[in-house]
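Read the structure below first, then the notes.
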């Protein structure tokens with residue numbers, strides 16, 4: 001029982017350290033901690049690539065196992081990245 005209490009406390013502290021992951025960057029192509037996002041320390045060039053549309057439509061910006069924010073490689077995202085021009089709106 002003690003183990004589960006310590007695990008729950010650790011997970012709570014870990015999730016508090018990374019409150020949320022958010023898409024950022026000029027084209028929404030970056031997945032960053034909300035502490036670094038809009039108004040934070042993230043800088044990107046302002047260009048468009050068809051792949052960015054895949055991340056906007058099908059990307060899930062989430063906390064990864066390593067504790068960093070990143071794009072979850074969902075089946076829809078992988079499919080879109082195979083032919084991003086097909087899904088691009090620009």
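Quick one: count up the residues across the range 32-46 that are surrounded by 10 or more Cβ atoms within 10 Å (Cβ to Cβ) and either at pLDDT below 85 or in a loop (DSSP other than H, G, I, E, B) (or both). Talk me through it step by step, then tell me what you get.
Start the filter on the range 32-46 by keeping residues that are surrounded by 10 or more Cβ atoms within 10 Å (Cβ to Cβ), which leaves 32-38, 40, 42, 44.
Right, trim to either at pLDDT below 85 or in a loop (DSSP other than H, G, I, E, B) (or both) and you get 34-38, 40, 42, 44.
Number satisfying all stated conditions: 8.
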Scan the range 58-70 and tell me whether some residue there is assigned to a helix (DSSP H, G or I), under 25 Å from residue 20 (Cα atoms) and at pLDDT 90 or above. yes
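Which of the following residues is without any contact (Cβ under 8 Å) to a residue 60 or more places away in the chain, surrounded by fewer than 14 Cβ atoms within 10 Å (Cβ to Cβ) and under 14 Å from residue 30 (Cα atoms): 82, 86, 68?
One residue alone meets the criteria, 68.
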Filter the range 79-90 for residues that are assigned to a helix (DSSP H, G or I) and touching a helix residue (DSSP H, G or I) at 6+ places or on another chain (Cβ under 9 Å); which is farthest from residue 36 (Cα to Cα)? 86
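The values are calculated or read from the model by the stated rules, or taken from the named source; none is laboratory data. Predicted, not measured: the structure shown is a model, and the values here were computed from it. Counting neighbours? That spans all protein chains shown, and the Cβs are built from the backbone with ideal geometry, glycine included.
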